[in-house]
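The values are calculated or read from the model by the stated rules, or taken from the named source; none is laboratory data. Please read these numbers as outputs of a predicted model, since none were measured by experiment. Here Cβ is always computed from backbone atoms with ideal geometry, including for glycine, and neighbour counts include all displayed protein chains. Note: accessible area is taken over every heavy atom of the protein model, side chains too, but ligands, DNA and RNA are not part of it. Shrake-Rupley method; radii C 1.70, N 1.55, O 1.52, S 1.80 Å.
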Amino acid sequence: MDIERLRTDTPGCAKVAHLNNAGAALPPRPVIEAVNEHFALESTIGGYEAAERNEAAVQHFYDAVARLIGAHADEIAYVENATRAWDMAFYSIPFAEGDRILTTTTEYSSSAIAYQQVAAAKGVKVDAIPDEADGTLSLDALEAELVKGDVRLVSLNHIPTHNGLITPAAGVGRLCRQHGVLYLLDACQSVGQLAIDVGEIGCDMLSGTGRKYLRGPRGTGFLYVRRDILRTLVPPFLDLQAATWHVPNSFEMRDDAQRFETWERYVAGQIGLGVAAAYAADLGMTDIETRVIGLAAKLREELAARPGVTVLDKGPRPSGIVTFSVDGHDPAAIQAAARERDINVNVTNPLSHGYDLGAPSAAVRASVHYYNTEEELERLLSVLPER
Ligand SMILES: *Cc1c(COP(=O)(O)O)cnc(C)c1O
């Protein structure tokens with residue numbers, strides 16, 4: 001990859017060493033321009049008129065996201081963020097009393113809250129599948145649960161928000177298919193970071209966000225739902241985009257993934273997210289993945305060599321999310337010291353991993369992207385406290 005060119009294409013790189021890509025990455029110039037230009041057009045000719053004129057760019061979103069993850073355009077919905085995208089899938093599943101949901105020890109707190117809500121309302125049970133010794137989800141333990149026959153849904157994240165761990169998503173998919181169980185994958189941290197093919201993974205539903213590794217605008221997200229199951233899912237909310245009213249007493253839902261959408265939306269954001277998805281696909285997701293994982297491995301290696309630093313990431317091949325603690329130093333103070341030198345890192349929130357009882361209460365999270373450089377990693381290392 002031509003990192004210098006990619007950095008020139010990213011205005012933010014001139015201002016900050018941005019190691020908070022798991023929070024919100026710096027967008028590249030084509031995304032910035034697409035969003036700004038559409039908003040400018042709305043401001044000058046009117047919002048409806050602008051959407052009409054940019055109809056091709058709006059539609060391009062579906063093709064671009066589908067291409068990025070190996071899906072069909074009619075399997076993609078545009079949703080305002082990944083949480084709502086995930087909700088639209090999750091709350092459309094007709095759970096019955098006694099059904100079980102299987103998840104992972106690293107599950108995202110918003111999803112865990114949704115499980116608890118459905119557990120309380122419908123008598124569903126929720127279990128976190130135990131991990132192997134290296135911290136990855138145990139496929140053997142998953143299979144042992146699936147054979148019991150009461151699992152309605154396997155729902156988990158591909159990469160958690162607070163650790164570099166990568167879930168063996170395709171292994172989970174194979175088991176779910178074997179046992180005929182629905183599989184919902186939260187790919188918020190993996191889309192734009194790892195090469196993803198929904199067919200290879202074998203998930204039925206997948207949610208993603210715009211602002212993280214995809215480098216799209218904030219306030220954007222998407223949902224993928226596999227064609228074969230799409231028509232069996234009734235979204236929890238339907239509007240005039242999702243369905244047609246047959247006046248006065250009936251309605252008909254769309255038969256593509258846009259049944260999970262609402263009509264009103266951040267049109268500039270949808271266009272920008274389409275541009276971001278195409279930008280990533282054109283660069284090549286395999287090259288992006290290799291670069292991100294390589295840079296993160298380098299950072300971990302240097303961190304681990306420093307006295308008093310503990311690298312917390314799990315799994316045999318951790319992602320671009322690097323988490324660590326420094327003995328005797330508050331992660332928030334490290335974040336603040338870095339910020340003063342224009343280095344952005346984040347601090348993990350203990351509630352973001354409530355099922356992961358072994359996780360430290362807080363850690364520094366330095367999440368790298370392909371446009372980061374080794375020099376930026378050195379800058380971060382140079383502001384860490386000496387023990
Ligand atoms: C960020 C994140 C989400 C939520 O995405 P939003 O776009 O903020 O709704 C869900 N799961 C994981 C693992 C995340 O990191």
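Residue check: is THR286 within 18 Å of the chain's Cα centre (by Cα) and within 22 Å of THR167 (Cα to Cα)?
yes
Quick check, is ARG29 more than 16 Å from the ligand (Cβ to nearest atom) and more than 25 Å from SER367 (Cβ to Cβ)?
no
For the condition farther than 17 Å from GLN258 by Cα and buried (at least 21 other Cβ atoms within 10 Å of the Cβ), what is the one hit in ILE101, ILE93, ILE76?
ILE101 is the lone residue from the list that is farther than 17 Å from GLN258 by Cα and buried (at least 21 other Cβ atoms within 10 Å of the Cβ).
So how many residues does the stretch 162-185 have that are farther than 14 Å from PRO318 by Cβ and crowded, with 18+ Cβ neighbours inside 10 Å?
Qualifying residue count for the region: 10.
Being at pLDDT below 95 and either away from the ligand (no atom under 16 Å from the Cβ) or open to solvent by 20 Å² or more (accessible area, probe 1.4 Å) (or both) is the requirement here; does SER109 meet it?
yes
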